[in-house]
1. Quick one: how many residues across region 5-59 are closer than 30 Å to Glu71 by Cβ, of a type in the set (Lys, Arg) and more than 9 Å from the chain's Cα centre (by Cα)?
2. Would you mind telling me which numbered condition in (1) more than 30 Å from Ala74 (Cα to Cα); (2) of a type outside the set (Gly, Ala, Ser); (3) exposed (fewer than 13 other Cβ atoms within 10 Å of the Cβ) Thr17 fails?
3. Within region 22-31, can you find the residues that are surrounded by 10 or more Cβ atoms within 10 Å (Cβ to Cβ) and either under 15 Å from Val57 (Cα atoms) or free of Cβ contacts under 8 Å to residues at least 40 places away in the same chain (or both)?
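Each value in this text was obtained by applying a stated rule to the coordinates, not by laboratory testing. Given the structure is predicted, the values throughout are model-derived calculations rather than measurements. With ideal geometry, Cβ positions are generated from the backbone for all residues, glycine too; neighbour counts draw on all protein chains shown.
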Amino acid sequence: MWPDTEGAFNLFQSLRTQWRVGMGGPVGLDYFVAYHRMDRMGLSPAEYDQLDRDLQVMEAAALAVMHEQAEERAARNR
């Protein structure tokens, strides 16, 4: 892991149970919880913004994988 991604990874890991779920499965992270945790990290405004962007990238990648896996499961069950 690169040192500049460690904070985002740790935050993402800490939010592993904080997914919003709809009828079609996960739709995104609960940003109320994410921002609460970020507020307690003592970040500068620039660090906060970067961590927010990094978290969104990780969220999008995780959602893509989760939805792909759900589609594969559905195809196997047909």
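1. Qualifying residue count for the region: 2.
2. All conditions are met except number (1).
3. If the condition is that a residue be surrounded by 10 or more Cβ atoms within 10 Å (Cβ to Cβ) and either under 15 Å from Val57 (Cα atoms) or free of Cβ contacts under 8 Å to residues at least 40 places away in the same chain (or both), then Val27, Gly28, Leu29, Asp30, Tyr31 are the ones that fit.
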